[in-house]
Amino acid sequence: MARDPRVGVVMGSDSDLPCMQAAVDVLEEFGVTHEVRVLSAHRTPKAMVSYAESARGRGLQVLIAGAGGAAHLPGMVASLTTLPVIGVPVASKALNGLDSLYSIVQMPAGIPVATVAIGNACNAGLLALQILALQDQALAEALQTHRRELQTNVEAKDLRLQQ
Ligand code: RP5
């Protein structure tokens, strides 16, 4: 676990890790300290409460929470902290993640969860970086470089198609 993590990545089960790894990879690529935890809203509710309640005090600045099925974790975590929470709907076996998406995105007014597309943990990582970059110029510049790389990639593909 990194010292002084700035981002907490939590998930309801270790079975969510193959999906959530993309968020971790983004944080690692940009050199942002983070921690990864398995905390279930249903199976380990007390640990989830204690994690969310202590997150800001421990110096975390953004939380990414992924879960599948009856995906209460992001919303429950968001209800226990004023840190921004980004929810990742993990694709479930029965309903392909539509249940996860609805569980995470349909938060009642007052407790927001910023929700990314089903399975798109990469965007959760990037959004967490953008939030941190509000007060981190070096990170803002690294994100700008990343955007230029995306642009160059598309331009190269376009060029190839034109040949
Ligand atoms: C949720 O239940 C987890 O987030 C996971 O997506 C889903 C299934 O969990 P396992 O039965 O694979 O542990 O709480």
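Quick one: residue 26 ticks every box in (1) surrounded by 16 or more Cβ atoms within 10 Å (Cβ to Cβ); (2) of a type in the set (A, V, I, L, M, F, W, C); (3) within 16 Å of the ligand (Cβ to nearest atom) bar one, so which box is it?
Of everything listed in (1) surrounded by 16 or more Cβ atoms within 10 Å (Cβ to Cβ); (2) of a type in the set (A, V, I, L, M, F, W, C); (3) within 16 Å of the ligand (Cβ to nearest atom), residue 26 misses just condition (3).
Considering every residue within the range 105-113, establish whether at least one is surrounded by 14 or more Cβ atoms within 10 Å (Cβ to Cβ) and closer than 21 Å to residue 28 by Cβ.
No, the range 105-113 has no match at all.
Only one residue in 38, 49 is farther than 13 Å from residue 128 by Cβ, of a type in the set (Val, Ile, Thr) and near the ligand (Cβ under 10 Å from one of its atoms). Which one?
Going through 38, 49 in turn, the sole match is 38.
Counting only residues that are surrounded by 24 or more Cβ atoms within 10 Å (Cβ to Cβ), within 8 Å of the ligand (Cβ to nearest atom) and hydrophobic (A, V, I, L, M, F, W, C), which one in the range 63-78 is nearest to residue 48 (Cα to Cα)?
73
Any idea which of (1) within 13 Å of residue 16 (Cβ to Cβ); (2) modelled with pLDDT of 95 or more; (3) out of contact with any Gly (no Cβ under 6 Å at 6 or more places or on another chain); (4) not β-branched (Val, Ile, Thr) is the one residue 93 doesn't satisfy?
Evaluating residue 93 over (1) within 13 Å of residue 16 (Cβ to Cβ); (2) modelled with pLDDT of 95 or more; (3) out of contact with any Gly (no Cβ under 6 Å at 6 or more places or on another chain); (4) not β-branched (Val, Ile, Thr) leaves (2) as the failure.
Of all residues in the range 79-100, how many are surrounded by fewer than 24 Cβ atoms within 10 Å (Cβ to Cβ) and away from the ligand (no atom under 11 Å from the Cβ)?
Of the residues in the range 79-100, 9 are surrounded by fewer than 24 Cβ atoms within 10 Å (Cβ to Cβ) and away from the ligand (no atom under 11 Å from the Cβ).
Condition first: within 15 Å of the ligand (Cβ to nearest atom), surrounded by fewer than 19 Cβ atoms within 10 Å (Cβ to Cβ) and acidic (Asp, Glu). Now tell me which residues in the range 2-23 satisfy that.
14
Inspect the range 29-45 for any residue being among the polar types (S, T, N, Q) and free of Cβ contacts under 8 Å to residues at least 12 places away in the same chain and give the result as yes or no.
Checked against the condition, which is being among the polar types (S, T, N, Q) and free of Cβ contacts under 8 Å to residues at least 12 places away in the same chain, the range 29-45 yields at least one hit.
Here are the criteria: (1) under 27 Å from residue 133 (Cα atoms); (2) charged (D, E, K, R); (3) touching a Ser or Thr at 6+ places or on another chain (Cβ under 7 Å); (4) assigned to a helix (DSSP H, G or I). Tell me which single one residue 4 does not satisfy.
(4)
The values are calculated or read from the model by the stated rules, or taken from the named source; none is laboratory data. On a predicted model such as this, the values are computed, not experimentally measured, just so you know. Neighbour counts are summed over all protein chains in view; Cβ atoms, including those assigned to glycine, are modelled from backbone coordinates with ideal geometry.
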